[in-house]
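What follows is one structure encoded as structure tokens, with my remarks underneath.
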Amino acid sequence: MTRKVSAETPAADSRPVRQWRQDVVELAALLRTWWASRHGHAPPDDNDAGADAGTGIGTGIGADIGTDAGTDTETGPSVLWRMRTTVQDQPGSLAALCIALAGRRIDILSLQTHPLARGTVDEFLLRAPGDLAAAEISGSVSRAGGAGTWIERADTHDLVDAPTRVLGLATRTALDAAELPLALRQLLGRCTIRSLPGGHSAAREGVPVEGALEETDTVMRLRAPEGGVITVERPYLPFTPTEFARARALVELDARLGPRVPHGQDVLTLPRGNAITVRRADASDLDAAKAMHARCSPRTLSLRYHGPMGDADRYLGHLLSPRYGRTLAVQTASGRVVGLGHLLWDGDETEIALLVEDDWQRRGVGGELLRRLVSMAREANCEHVYAVTQSSNTGMVAAMRALGLPLDYQIEEGTLVITARLDANPVASPRSFDHSARD
């Protein structure tokens with residue numbers, strides 16, 4: 001069961017303006033008292049230039065925005081936390097929460113409010129003493145009236161304010177259609193994103209043009225630009241209407257701009273003296289990819305696609321679509337495509353796949369593609385990548401081992417799955433190519 005949510009007005013806030021101002025004034029007075037007691041001197045009073053009861057909160061809290069976790073002269077080592085909690089929609093609720101945090105020597109670096117039909121979800125970026133556990137923070141919040149509290153460790157990237165972060169994600173999406181799933185994942189945190197093609201019978205069933213949130217608020221479905229549906233799941237933390245509106249705006253931006261990939265390319269020289277070009281590929285390379293399939297041996301295609309060779313061409317439309325990942329093509333000086341490397345978004349997993357034409361194998365082409373795909377996965381903040389092949393594919397195994405990363409092998413009925421963990425520093429290895437030109 002789904003419900004429609006307006007992207008323009010996430011939710012109506014029923015607080016009268018007079019109550020909001022009372023809440024703001026009360027919180028400002030409490031923060032002034034806490035700040036004076038902590039630093040031993042009083043801040044400027046309301047008669048000083050620039051002082052105003054309606055802006056005092058922004059000035060007081062804003063003094064800490066943009067700082068990093070580290071060492072505070074009064075509290076020692078500190079830790080960054082992201083926290084969400086729901087408070088009652090009444091004056092004084094936010095003030096009580098802030099005073100509870102101040103009592104534990106916790107600084108509020110940023111605050112976003114998400115008004116709902118019942119209550120308000122407040123999202124904090126906190127800097128807390130290093131010896132303060134998450135359970136202690138959430139316990140203090142609960143005693144101050146917070147409910148449904150969620151908290152996890154944050155890092156310096158979370159110090160960027162929400163509008164700046166959203167604009168950055170919009171820019172990345174505008175430059176590269178393959179960035180949309182990644183932008184949604186970074187916008188919404190840890191979540192699973194799946195794309196259902198437009199030809200699927202259930203693709204648009206029950207999904208209005210403006211998208212929908214399920215009744216539990218843990219699943220959102222959005223109309224994909226190419227006619228399918230993008231499903232985003234986050235069971236551990238319900239989506240707010242504001243998050244739904246931001247996600248929908250990114251998808252609408254992608255739809256308006258249409259298919260696009262960056263046009264940069266690298267020209268490399270093989271050890272045997274052949275020059276090749278490595279570049280991004282998309283649906284416009286479909287005919288060239290089919291021609292490469294025709295030149296590949298049945299064994300090469302079998303190692304890559306694990307199925308009937310007559311169906312190999314059917315996969316290319318999906319693989320070359322930027323909606324499902326990124327593809328790199330290796331092109332000869334004559335313009336013929338002789339290798340393809342795919343980085344595929346598979347829910348919350350990331351798959352790597354390679355295909356190199358028989359006559360160009362064992363020249364280092366596959367290793368170069370693999371290194372570049374892994375670098376792209378790191379840039380996308382992927383924690384690991386996996387490759388599915390056959391246990392007899394010694395070339396793929398050797399290429400994965402050459403990455404110098406921790407590997408995990410799983411074999412079942414002749415199918416080999418190799419997983420590389422990307423949070424470890426790779427072991428340096430000699431490059432097979434020399435860069436001779438770059439466009």
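The values are calculated or read from the model by the stated rules, or taken from the named source; none is laboratory data. Given the structure is predicted, the values throughout are model-derived calculations rather than measurements. Backbone-built Cβ (ideal geometry, glycine too); neighbour counts: all protein chains shown. Ligands, DNA and RNA are stripped out before the accessible areas are found, and what is left, the full protein with its side chains, is counted by its heavy atoms. Shrake-Rupley method; radii C 1.70, N 1.55, O 1.52, S 1.80 Å.
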Largest to smallest accessible area among 302, 375 [probe 1.4 Å]: 375, 302
Charge tally in the Cβ shell below 10 Å around residue 225, where Lys, Arg are +1 and Asp, Glu are -1, residue 225 excluded: 0
Estimated FRET transfer efficiency (residue 171, residue 318; beta-carbon r; R0 25 Å; 0.05): 0.40
With all protein chains modelled, accessible area of residue 236 [1.4 Å, Å²]: 80 Å²
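Counting other C-beta atoms within 10 Å, and keeping those with at most 14, which DSSP coil trypsin sites (Lys or Arg not before Pro) do you find in the stretch 207-276?
Sites meeting the loop and neighbour criteria: 272.
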Exposure of residue 293 as accessible area (Å², to 10), given a probe of 1.4 Å and all protein chains: 10 Å²
Low-density loop cleavage sites - trypsin sites (Lys or Arg not before Pro) in the stretch 115-166, where at most 14 other Cβ are within 10 Å (DSSP): 118
3J(HN,Hα) from dihedral phi, the stretch 316-324, Karplus parametrisation 6.51/-1.76/1.60, rounded to Hz, x for glycine, proline: 5, x, 5, 5, 8, 7, x, 5, 10
